[in-house]
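The values are calculated or read from the model by the stated rules, or taken from the named source; none is laboratory data. As the structure is a prediction and not an experimental result, all values here were calculated from the model. Don't worry about glycine lacking a Cβ; one is built from the backbone with ideal geometry, like all the others, and counts go over all protein chains shown.
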């Protein structure tokens, strides 16, 4: 068997998931200075990095095996088992914390609206459960799940983009560049336009629209660009990384128009540089990929701890919530996620290699 891939993707995903947990401590009502969601190193920044990684790795997966049936199966096996398990656990388990009686709880249409809207990836239609977390800072059951809908739409976009590149005879290097550049530009315009409307009209609806799929495609296709143009990127690695780091810093400090337009691509350069070209920091995926489980499990766990009003200081409550979330993510991987992976998954292969070495 071949040796495991030496990159920092597993470490990076785990670190980004921990950043999301960090910022969500403030959203459940724990006012701690070190958990406040500043944009840099905050939850939104971490999610954007996740989108870059998805663009790079999902296009890589499609490029290596562009068969639709196999592609759909691989994507579904990776995200759906844990996602469905979390939805069912929250829908039924949180009935014990509801202010309503069990019978009244399950007679409420909100319960089924929550379950089925999330199963259809339109969870924004119903983010709460009846009588659950009513006294918390926010009653949202699982805030991070909004990004899973976007990930699924990213997955759907990959074969569609490839189809149009073939139909338009744009599979050459320059042709593919043009189609990615067009998608990138349209995403920037979408995001900037609705963000401007949100600021000028003070209507939060526009801010929410700006965060939806078209506005996030810039990060996804930026990751794809770095995959398809790896040789060019690697030839100019040092200068590309220095310039990109400067653009990211300029965006955080100035929010100028030019930095806004270049930011997704610059962020992608920094992310992929760390993942593929930075000093190898070890096989953090040796025992599995716990980042996804941590990402979709931590929010309801933090909400439960907040709802219990334990006689503990906010830092201790956060530490307890983080510890339980990490344990839950390991359990999710061992008992749910890994069992649905195809034998061709590099995590399955790595586990087989480890067993052989023993």
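Of note:
- Figure legend. Inter-residue proximity from the stretch 96-116: first residues at positive phi and modelled with pLDDT of 95 or more, second residues outside any helix (DSSP H, G or I) and buried (at least 16 other Cβ atoms within 10 Å of the Cβ), beta-carbon distance below 9 Å, spacing 6+ or different chains. No pairs are indicated.
- Taken together, the criteria exclude residue 170 from residues that are surrounded by fewer than 20 Cβ atoms within 10 Å (Cβ to Cβ) and closer than 17 Å to residue 218 by Cβ.
- Boolean, residue 232 is buried (at least 18 other Cβ atoms within 10 Å of the Cβ) and either farther than 21 Å from residue 68 by Cα or modelled with pLDDT of 90 or more (or both): no
- Cross-chain or 6+ apart pairs with Cβ under 9 Å, the stretch 51-76 first and more than 13 Å from residue 345 (Cβ to Cβ), then modelled with pLDDT of 95 or more and exposed (fewer than 13 other Cβ atoms within 10 Å of the Cβ): none
- Condition met for residue 226 (within 30 Å of residue 92 (Cα to Cα) and touching a helix residue (DSSP H, G or I) at 6+ places or on another chain (Cβ under 9 Å)): no
- Residue 59 being over 25 Å from residue 132 (Cβ atoms), within 13 Å of the chain's Cα centre (by Cα) and either assigned to a helix (DSSP H, G or I) or at pLDDT 90 or above (or both): no
- Members of the stretch 306-343 found to be touching a residue at least 24 places away in the same chain (Cβ under 8 Å) and more than 22 Å from the chain's Cα centre (by Cα), listed by number: 306, 307, 314, 315, 317
- Residue 138 falls short of the stated requirement of being over 26 Å from residue 217 (Cα atoms) and modelled with pLDDT of 95 or more.
- Residue count for the stretch 259-291, restricted to those that are out of contact with any helix residue (DSSP H, G or I) (no Cβ under 6 Å at 6 or more places or on another chain) and within 30 Å of residue 192 (Cβ to Cβ): 3.
- Selection within the stretch 114-136: residues that are touching a helix residue (DSSP H, G or I) at 6+ places or on another chain (Cβ under 7 Å) and not in a loop (DSSP other than H, G, I, E, B). The member of this set that is farthest from residue 82 (Cα to Cα) is 125.
- Across the stretch 276-304, the number of residues qualifying as assigned to a helix (DSSP H, G or I) and at pLDDT below 95 comes to 2.
- Tally of residues being buried (at least 16 other Cβ atoms within 10 Å of the Cβ) and either in a helix (DSSP H, G or I) or at pLDDT below 55 (or both) across the stretch 22-46: 11
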